[in-house]
Amino acid sequence: MIRFLGSRLLRAAVTIVMVVTFAFVVLRLSGDPAQIIMGADAPPEAVEAFRAAWGLDQPVWIQYFHYFGAILQGDLGRSMRDGRDAIVLVAERIPATLALTLPALAIKVGLGIPAGITAALHRNSFIDRAVMMLAVAGFTVPSFVLGLLLVLVFAVQLGWLPSGGQDSWRHAILPIITLGIGGAAVLARFTRSAMLEVLGQPYIRTASAKGVPWRAVVWGHALPNAAIPTVTIVGFMVGSLIAGAVVVESVFSWPGVGRLLVVAVANRDLAVVQCVLLLVAMTMVTSNLIVDLLYGLLDPRLRNQPRRAAGMA
Amino acid sequence: MNALVSLRNLRVSFDGQAALRGIDLDVAPGEAVGLVGESGCGKSVTWLAALGLLPAKARVTGSATLQGQELLGAAPAVLDRVRGGRIAMIFQDPASSLNPVIRIGRQVEEALRLHRGMQGAAARAEAKRLFDQVGIPDAARRLDAWPHELSGGQNQRVMIAIALAGRPELLVADEPTTALDVTIQAQILTLLQDLRRETGMALVLISHDLGVVADSCDRVCVMYAGRIVEQAPVARLFEAPTHPYTNGLLGALPPLDGPRRRLAAIPGSVPEPWAMPKGCAFAPRCAERSPACDIAVPGAVPLAPGHQAACIRATAMGLLKETVAA
Ligand SMILES: Nc1ncnc2c1ncn2[C@@H]1O[C@H](COP(=O)(O)OP(=O)(O)OP(=O)(O)O)[C@@H](O)[C@H]1O
Ligand SMILES: [Mg+2]
């Protein structure tokens, strides 16, 4: 168990280092931040002064080591726009993002899993077909299309809900639904196929053959097995609590981490972009770690020789 | 004979294709019946149908009664009490027949709770006793093992312990040793015979190996393409096999003593369900085929006490006997 945890933690660390490096390289390669922030017609001396102030005049690898050393000391740098600590800027936006993604996660799990189970238990029935049709529709429609559609119907046509902004809880409803539906669809399909796979296994027939009532077969014998693959998807959704709302936040002009990221990228605000990416990588890696531990808990076969079911650390 | 289980004209079809074409079979209390036949002839389906364990798409007709009580179409609550409580069933692949995420002790205790109302320490003690009875070493510690930690033979013993938990009157063992090593096979078969002697339960042993069945059973039913083509007490079947298919199976047996020779396999293969001949299904492979074989499916003809065969040659012999008797 200790060795298992150790190897997982090491892997998590490597993943984070790679994300941070990747962000650094891409952002330096994609244009001169000084020029973009100062504007195209800024006097060259001003641009030079800006470069010197932010260390952009030094060789790239020195910049990288400074940047990395600072991260190790917990210093994520300051925004080149307004000079505030990047981490503060990002932290301010987290509650707004979670206000969307946590209720959306509840919808995904609360709607998707029961729908998938019901469909599997009534395979090929009307219920099954209806659930699957909705599920296919739910995840083939991109979230910005779904978001705009909802705005069109509930904000523009019916006027029931606001179309964007963050002034009251009513503003959160449409973005939450937009986020929740797509995820619920994915989870419903996934749960259904996991459940069907398990229901066809010989041990389910054994349970019935020894006189276990069908409900107890489903709850006691099938679900614990179907939970194992489903946990991967839920874990992935937990991992995207921070980063999963970029598109929806933009559509609904919701001031969360996702919008901060979009704006910071457009502005080449390096420290902020890197800070967001680091945060995203850390949530992903943490949720993956939790999924790995849950696997061990759910599946005794994995306890002795752990093995990854889905590689997305 | 006062039958424990009676199957009458039991028919099963999947998606309109017949898998069972009318099975008539009685199992008496305490009796050991062997069910043999090539792969796909319907041995498993027969008993899965009787216990209502086939998938919903299977169409089942006819009758399966347990001491007069009809099982086909019975209420779920009735079936749940019969399954495991009066008729238990074990399967071919013990490794995948046990739930991988439940400790084996708990899988036995579940049956004890369902059929004997035992719980907690009492259930655990009884589970340990059952493990001892089926020959699982170090039973007390094994209760907490997971199925993947046990060998195939051990897992089959666990399956047998689960089956015994409900004190069934009939144990249906569906090829219980096919997936196991030869030495383990013999141990499991001996265990089944010992348990039958100790508990007095009846045994249906499904196998595609006539030799296995001959060693452990009182009576043999030979199945071919969804029908029983011959049934007889074991000794009688070996002395006076009547159906050419039975003869073929006997010819495929290695001799017990004497020099080893090549097995005489039956040429040809079972007709596909959609291309079933109008007459005898074995006719296309039969060395003794005559034009009359293709006219209609021959019915089962009694030849001796407990011995009947479904072949027109048997029909002829039956007629002959009646004439002699008259
Ligand atoms: N769930 C199912 N769906 C469709 N067809 C099935 C199903 N189960 C069995 N069959 C068909 O029913 C026929 C009888 O199958 P069965 O499993 O009873 O054969 P068997 O005699 O037990 O053979 P084996 O020795 O291979 O176990 C086969 O033709 C098989 O294809
Ligand atoms: Mg079978």
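The values are calculated or read from the model by the stated rules, or taken from the named source; none is laboratory data. Quantities reported herein were computed from a predicted structural model and do not represent experimental measurements. Counting neighbours? That spans all protein chains shown, and the Cβs are built from the backbone with ideal geometry, glycine included.
Residues that are within 20 Å of residue A:215 (Cα to Cα) and within 16 Å of ligand 2 (Cβ to nearest atom) were ranked within region B:49-88; the one that is surrounded by the most Cβ atoms within 10 Å (Cβ to Cβ) is B:51. The set of residues in region B:35-61 being among the basic types (Lys, Arg) and near ligand 1 (Cβ under 6 Å from one of its atoms) consists of B:43 alone. Contact annotation: residue pairs with Cβ atoms under 6 Å, 6 or more positions apart or on different chains, pairing a residue in region B:76-89 that is in contact (Cβ under 8 Å) with a residue 12 or more places away in the chain and facing chain A (nearest Cβ under 7 Å) with a partner that is basic (Lys, Arg) and assigned to a loop (DSSP other than H, G, I, E, B), are B:84/A:210. When residue B:46 is tested against (1) away from ligand 2 (no atom under 16 Å from the Cβ); (2) crowded, with 22+ Cβ neighbours inside 10 Å, only condition (1) is not met.
Pairing residues of region B:3-29 that are within 14 Å of another protein chain (Cβ to nearest Cβ) with residues that are within 16 Å of ligand 1 (Cβ to nearest atom), at Cβ distances under 7 Å and at least 6 apart in sequence or on separate chains, gives B:15/B:57.
For region A:263-281, the criterion of being under 15 Å from residue A:79 (Cβ atoms), touching a residue at least 60 places away in the same chain (Cβ under 8 Å) and of a type in the set (D, E, K, R) is satisfied by at least one residue. Given the structure, is residue A:211 surrounded by fewer than 20 Cβ atoms within 10 Å (Cβ to Cβ) and either under 30 Å from residue B:148 (Cα atoms) or aliphatic (A, V, I, L, M) (or both)? Taking the combined requirement at face value, the residue does not satisfy it. Within the option set A:165, A:159, being surrounded by fewer than 23 Cβ atoms within 10 Å (Cβ to Cβ), more than 24 Å from the chain's Cα centre (by Cα) and outside any helix (DSSP H, G or I) holds for one residue only, A:159.
Residues that are in a loop (DSSP other than H, G, I, E, B) and surrounded by fewer than 24 Cβ atoms within 10 Å (Cβ to Cβ) within region B:99-131 comprise B:100, B:101, B:102, B:103, B:117, B:118, B:119, listed in sequence order.
Pairs meeting the criteria (first residue in region B:169-189 and more than 18 Å from residue B:201 (Cα to Cα) and touching a residue at least 12 places away in the same chain (Cβ under 8 Å), second residue within 12 Å of ligand 1 (Cβ to nearest atom) and of a type in the set (D, E, K, R), beta carbons under 6 Å, at least 6 apart or on different chains) are B:179/B:93. Restricting attention to region B:307-326, the residues that are of a type outside the set (S, T, N, Q) and either under 16 Å from residue B:245 (Cα atoms) or at pLDDT 90 or above (or both) total 7. Checking each residue in region B:168-191 for being away from chain A (no Cβ under 12 Å), away from ligand 2 (no atom under 16 Å from the Cβ), not in a helix (DSSP H, G or I) and not hydrophobic (A, V, I, L, M, F, W, C) picks out B:169, B:181. Would region A:127-142 turn up any residue that is closer than 19 Å to residue A:254 by Cα and either more than 14 Å from chain B (Cβ to nearest Cβ) or not acidic (Asp, Glu) (or both)? Among the residues of region A:127-142, at least one is closer than 19 Å to residue A:254 by Cα and either more than 14 Å from chain B (Cβ to nearest Cβ) or not acidic (Asp, Glu) (or both), which makes the answer yes.
Of all residues in region B:96-111, those satisfying the criterion of being under 21 Å from residue B:169 (Cα atoms) and more than 8 Å from chain A (Cβ to nearest Cβ) are B:107, B:108, B:109. Annotation note: of A:135, A:130, A:115, the sole residue that is in contact with a Lys or Arg (Cβ under 7 Å, 6 or more places away or on another chain), assigned to a helix (DSSP H, G or I) and closer than 14 Å to residue A:189 by Cα is A:135.
Of everything in region B:1-43 that's within 16 Å of ligand 2 (Cβ to nearest atom) and at positive phi, which residue is surrounded by the fewest Cβ atoms within 10 Å (Cβ to Cβ)? Per the criteria, the residue is B:40. Go through (1) buried (at least 23 other Cβ atoms within 10 Å of the Cβ); (2) more than 16 Å from ligand 1 (Cβ to nearest atom); (3) of a type outside the set (Ser, Thr, Tyr) and name the single condition residue B:189 misses. Of the numbered conditions (1) buried (at least 23 other Cβ atoms within 10 Å of the Cβ); (2) more than 16 Å from ligand 1 (Cβ to nearest atom); (3) of a type outside the set (Ser, Thr, Tyr), the odd one out for residue B:189 is (1). Among the residues of region B:132-156, those that are more than 14 Å from chain A (Cβ to nearest Cβ) and not in a loop (DSSP other than H, G, I, E, B) comprise B:132, B:133, B:139, B:140, B:141, B:142, B:153, B:154. The set of residues from region B:209-224 being out of contact with any helix residue (DSSP H, G or I) (no Cβ under 8 Å at 6 or more places or on another chain) and outside any strand (DSSP E or B) comprises B:209, B:211. Only a single item in (1) more than 14 Å from chain A (Cβ to nearest Cβ); (2) modelled with pLDDT under 95; (3) in contact with a helix residue (DSSP H, G or I) (Cβ under 8 Å, 6 or more places away or on another chain) is not met by residue B:93, and it is number (1). The set of residues in region B:112-126 being within 14 Å of residue B:163 (Cα to Cα) and within 13 Å of chain A (Cβ to nearest Cβ) consists of B:112, B:113, B:114, B:115, B:116.
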